[in-house]
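The block underneath contains the structure these notes are about, expressed in structure tokens.
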Amino acid sequence: MKFEVEDTGIGMIEEQKNNLFQSFQQCDTSTTRKYGGTGLGLAICKKLADLMDGDVGVETEMGKGSTFWFTAKLCTNKETEKFYLPSIDLVNRKVLVVDDNFHARIILSEMLRAMNLHVIEAASGEQALQLIGKVNNGNDSFDIVFMDLQMPGLNGIETIKKIDKMNLKTKPHYVIVTAYGREEVFQEAEGAGIDMVLVKPVNSIVLSDCVLQVLGESETEKREEEEYCPINIAEKYLTPIRGARILLVEDNELNQQVAMELLEDCGFLIDTAENGEIAVNKINEGSYDIVLMDMQMPVMDGVTATKKIREKVEHASLPIIAITANAMVSDKEKCAQAGMNDHIAKPIDPEQLFLTLLKWVPSKHSKQSEEKQVQQMSMNSVENELELNIPGLDAEMGLKRVLGKKKSYINLLRKYISEQKYIFVQIDKMLSEGDWSSAERLVHTLKGVSGSIGAIVIQKKAANLENAIKEQASMHTLKIMIDETSIILAKMIEYLENALPAEENVEQPMGTVSTQEELLKVLNDLKPFVKTRKPKKCSKIMEEYKKLIWPPQFQEQAADIVKLISKYKFKEAMHVLETLITKLEGVERA
């Protein structure tokens with residue numbers, strides 16, 4: 001990896017540059033030099049880089065500044081990450097952070113928000129007193145007050161003493177946060193009735209332990225350490241929020257399918273919308289616990305949709321989570337400014353998805369029956385044993401996206417082939433017509449779905465191409481990038497077509513032809529779930545559907561419905577299904 005730090009300083013001449021990484025050397029040795037030093041810093045940096053099989057250097061121009069860089073060879077951490085969940089519910093417990101230092105206040109607040117706490121900030125003791133009085137009048141007091149010790153005006157101890165004299169219905173717990181770890185500080189804090197003292201800088205583990213201890217988690221309730229695995233989260237911790245209604249706003253069918261299978265398997269009720277406009281209408285008409293909102297969609301994008309949703313007071317507290325392949329700070333800021341609460345990166349990682357739901361979905365007792373509870377899943381099951389040795393395809397990563405389900409992954413790969421095989425024909429056409437935004441959206445989709453199946457090489461190539469289209473690079477540059485990416489995509493699809501197992505043929509059962517009444521009943525039972533794209537619901541009805549014996553004139557269309565649903569082509573399946581119903585009703589009337 002290469003790391004760079006760029007400045008806009010005075011720069012250096014060649015002679016200074018050549019001596020820079022030698023011990024006891026300074027570029028400016030004059031007596032008027034503002035900052036002094038030993039001249040050892042960069043020499044130590046060079047030694048450290050050498051130890052990591054790397055190098056260090058500088059690119060500089062006098063009067064324009066310098067760019068310092070170093071390289072290092074790094075390896076992936078093979079140690080299993082650990083996942084912790086407290087035994088007490090922290091969601092939206094209210095805490096106040098009081099610190100006159102902006103940066104210290106922000107850092108502490110963000111760590112607390114990551115624990116699902118509702119955080120309010122104050123820049124002084126005086127402001128803290130005002131906020132506590134205001135909140136108490138609303139009968140919703142703070143659970144914990146994190147108080148900086150040294151502040152201008154009222155210091156931390158003085159502020160806490162004044163809070164104690166207020167007529168509060170519920171007294172908060174007090175935690176002093178200080179850079180002064182002297183014994184007298186602890187003694188003074190103990191005398192003022194303070195629950196705990198934290199010494200700056202505070203790390204997240206110490207802070208988490210502090211919160212749990214202050215709120216009353218006993219040692220016997222202490223959270224247990226276990227492997228950071230989506231299955232553990234799904235099976236053990238999603239129970240309080242199962243049965244929650246989720247609106248998934250996503251225009252791409254493959255991405256829809258990945259998210260829906262994960263969520264439906266875990267006992268959530270899923271509704272879908274193909275664009276922001278449909279999402280706004282559904283939210284105005286229905287009731288949802290959380291919205292998963294794609295950012296880039298036709299008709300109305302996620303940012304515009306979120307702004308429209310937030311216009312209504314009744315939707316002010318509805319959690320809206322951005323689903324985005326763009327992880328730049330500016331993109332995250334755009335989400336926050338629109339009123340989104342959080343974001344999930346594409347391609348969707350089950351771990352991040354589950355943890356985000358735990359963070360934002362209100363806890364409830366599931367009303368679902370046992371048969372609708374999440375099925376017992378295991379990443380070590382036989383289904384996980386899928387051998388696809390295809391260059392550029394990380395099948396293990398792709399399987400992880402669907403919780404290790406071989407059948408689901410194969411279906412995703414088939415869908416990828418059908419949707420992306422001729423994608424560059426469309427992209428070329430759009431670029432030739434000057435439709436830059438549509439071309440960018442198609443490449444953005446290619447990037448996302450490639451990540452979902454584990455096609456990491458294509459994902460990276462598509463990301464570079466997307467940026468080039470966004471910046472409206474020259475057609476010559478684009479042609480080179482398109483040719484390269486399309487060749488890799490064509491090869492990937494060729495490999496997949498040869499490697500995937502053949503689809504099961506839809507055989508007509510033997511026996512007496514089913515009655516029109518039987519045929520129409522199954523078709524009408526199937527119709528609402530095809531319309532709303534509910535694969536799990538469809539699959540249950542398809543079990544009965546496949547037992548039917550169709551008249552010869554309808555057998556081809558009946559088989560088409562099975563194939564289209566198996567490939568998640570719900571639009572096409574809906575068209576064939578409605579045509580078949582119309583024809584059967586016509587036969588019945590005749």
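The values are calculated or read from the model by the stated rules, or taken from the named source; none is laboratory data. As the structure is a computational prediction, the values presented were derived from the model and not from experiment. So basically every Cβ, Gly included, is an ideal-geometry build from the backbone, and we count neighbours across all protein chains shown. Ligands, DNA and RNA are excluded from the accessible area calculation, which covers all protein heavy atoms including side chains. Shrake-Rupley method; radii C 1.70, N 1.55, O 1.52, S 1.80 Å.
Put Glu433, Glu158 in order of accessible area, highest first, and with a 1.4 Å probe you get Glu433, Glu158. Converting phi to 3J(HN,Hα) with the Karplus coefficients 6.51, -1.76 and 1.60 and the offset θ = phi - 60°, the stretch 539-547 yields 5, 5, 6, 5, 4, 6, 4, 6, 7 Hz in sequence order, with x at every glycine or proline.
Residues whose amide H comes within less than 5 Å of that of Ile344, counting only those at least five positions distant or on another chain, are Ala322, Ile323, Thr324 (H built at 1.01 Å from N in the peptide plane).
For the stretch 462-585, the extents of the C-alpha atoms along the principal axes are 63, 29, 26 Å, listed from largest to smallest.
For a protection proxy built on the mean count of beta-carbon atoms within 10 angstrom, sort 8-20, 397-409 highest first, please. Don't skip to the end; give the middle numbers.
Working: 8-20: 13.4, 397-409: 20.8.
Taking the mean over residues of other Cβ atoms within 10 Å, the ranking is 397-409, 8-20.
Computed from backbone phi with θ = phi - 60° and the Karplus coefficients 6.51, -1.76 and 1.60, the 3J(HN,Hα) list for the stretch 278-288 is 4, 4, 4, 5, 5, 5, 5, 8, x, 10, 10 Hz; x is used for glycine and proline.
Per-residue surface analysis assigns Trp360 an accessible area of about 70 Å², computed on protein heavy atoms at 1.4 Å probe radius. Inter-label distance, Asn19 to Glu396: 5.2 nm, where each label sits 7 Å from its Cα along the C-beta direction.
Using the C-alpha gyration tensor of the stretch 412-535, what are the square roots of 5 times its eigenvalues, in whole angstrom, with the largest one first? Before the final figure, lay out each step's value.
Values: eigenvalues 311, 65, 29 Å².
Its equivalent ellipsoid spans semi-axes of 39, 18, 12 Å.
Each part gets one Cα centre, and for the stretch 453-496 versus the stretch 237-273 those centres are 30 Å apart. Remark on Gly243: its backbone amide H falls under 5 Å from those of Phe268, Leu269, a criterion applied only to residues 5 or more positions apart or on other chains, H modelled at 1.01 Å from N.
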